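Contents: one structure, followed by commentary.
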Amino acid sequence: MFRLHSLRARIALYFAAFGALLASVMAVMMFQSAHDLSVRLVDETLTAELDDYIARRTRNPRSLPPSTVILQGYVREAGETDGVPDYLAKLPPGRHEVRVGDLFYRAAVLDREDVRYYLLHDISLKLKRERRFAQQLSIVAVAMTLLSALLGIVLSGAATAPVRDLAARVRHRRPEDWSQPLVEHFHDREIEELAGVFDRQLSRMRAFMERERAFGADMSHELRTALAVILSATEVLLDDGTLNEKQKARIQRIDRAAHDMAELGTALLLMAREDHAQPGHGCQIAAVVEEAVEKQRHILASKPVAVDVQTDPTLVVAADCGLVDILVSNLVRNAFSYTDAGSVTLHQDSRSLVISDTGRGIPADAVDQAFLRHFRDMASTGAGIGLSLVKQICDRYGWQVRLESGEQQGTTVTVVFVR
């Protein structure tokens, strides 16, 4: 397909420009050559006629100058002031272009033995032929330009075919095909070199992905093992009746931190897996919201904060419930954590979820950066991953997320699931 702003279009444009330049140069040269030749022929005719008339006048002083449809001659003796038209009288010896009304003449003026000879050659018809010739050359130049453009389109297709083939092979290349070098399919030196560069880069990418996959798998296993040990230990400790309230609070804090770490690790692993880019079987938002509120309610503790939850069970989205839970839990955790007094409202209808709080809010100049990774305002205590993770999950499923906030004015986050 021929598209503008492509390599093929540029090649065709260069062909057209080259054809236009070549045709213009040739047209100018041909016109100038034809014009010079016609002027030379006229001048030679004037010279021959003058020589013939001067020879005749030498033999017969009463000989009249030429007077035909094309040629018109005049003679003026020394001291005479009439007998010659005014438009000729002031011309010096030599060749001149003279216009008389609608007619154009080539004039020859010659001094010989105190006699000045004037001879006019009508070149009006010659000029008309030259104009017609110039028009023909212009048509030929335009035709050559169009032909060059068409030829450029055809030849550019052939010239860029190996590049398009290479692009198609790279575009449709699957991980299982990486062991087959691209360079084997190309024999042009430049394309072969480019294919070799792609092969080397793909090999580096494959090695990097394998290292990342192995690292992720190993770290996931080690972290899960360590977290399982911590969680089992906290569970045993919490069942110990000999602990006082202060000790139980510390252990509960460890337990919550371990659960949060496990949840965050699960979210990051799910986001890193390519197969989770596809929609899930279905997830009921209402159930996720209610579960997230109960799971994060401990954050409020003894805070004078009222929680109002309104859900609509009809909203079911095609998404992984694990990722939806992580999204909602992060938003609920933020609302609970940064609201010291007042209220937190969660309203979920048939198309969206709105979470509003009366907490400390975010400065107006920082709202646009809230979804950036590791963003933290001066009052934040977290790592700045939560809202960034929310934005990534929304982008993955094509949802919209909006944040409205102001310092000491609370925060409202809206997630639109259905457009």
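The values are calculated or read from the model by the stated rules, or taken from the named source; none is laboratory data. Note that this is a predicted model, so its numbers are computed, not measured. Counting neighbours? That spans all protein chains shown, and the Cβs are built from the backbone with ideal geometry, glycine included.
Observations
- Checked against the criterion of being modelled with pLDDT of 90 or more and part of a helix (DSSP H, G or I), the candidates Leu127, Leu151 yield just one match: Leu127.
- For Ile326, the stated conditions hold: it is among the β-branched types (Val, Ile, Thr), crowded, with 17+ Cβ neighbours inside 10 Å and modelled with pLDDT of 80 or more.
- Sub-6 Å Cβ pairs linking a first residue in region 211-234 that is without any contact (Cβ under 8 Å) to a residue 40 or more places away in the chain to a second residue that is surrounded by 12 or more Cβ atoms within 10 Å (Cβ to Cβ) and among the acidic types (Asp, Glu), at least 6 apart or interchain, are Thr234/Asp255, ordered by first then second residue.
- Residue selected from region 381-390 under the condition surrounded by fewer than 18 Cβ atoms within 10 Å (Cβ to Cβ) and of a type outside the set (S, T, N, Q), by the criterion modelled with the highest pLDDT: Ile385
- Cβ-Cβ under 7 Å pairs, at least 6 apart or on other chains, region 385-398 side among the polar types (S, T, N, Q), far side in a helix (DSSP H, G or I): Gln392/Met271
- Counting only strands (runs of 3 or more DSSP E) that sit wholly inside region 278-364, those with at least 3 residues that are touching a residue at least 40 places away in the same chain (Cβ under 8 Å) are 342-348, 352-357.
- Test for Thr160: is it in contact with a Lys or Arg (Cβ under 8 Å, 6 or more places away or on another chain) and of a type in the set (Ser, Thr, Tyr): yes
- Glu97 meets the conditions (1) touching a strand residue (DSSP E or B) at 6+ places or on another chain (Cβ under 7 Å); (2) of a type outside the set (Val, Ile, Thr); (3) over 24 Å from Ser138 (Cβ atoms) in every case but one. The failed one is (3).
- Test: residue in region 35-51 that is acidic (Asp, Glu), closer than 30 Å to Val142 by Cβ and out of contact with any Ser or Thr (no Cβ under 7 Å at 6 or more places or on another chain): yes
- Selected residue (criterion: farthest from Gly359 (Cα to Cα)) from residues of region 400-419 that are surrounded by 14 or more Cβ atoms within 10 Å (Cβ to Cβ) and among the aliphatic types (A, V, I, L, M): Val416
- Taking residues in region 98-122 that are free of Cβ contacts under 8 Å to residues at least 40 places away in the same chain, and partners anywhere that are outside any strand (DSSP E or B) and crowded, with 20+ Cβ neighbours inside 10 Å, the pairs with Cβ atoms closer than 6 Å and at least 6 places apart or on different chains are Phe104/Ile123.
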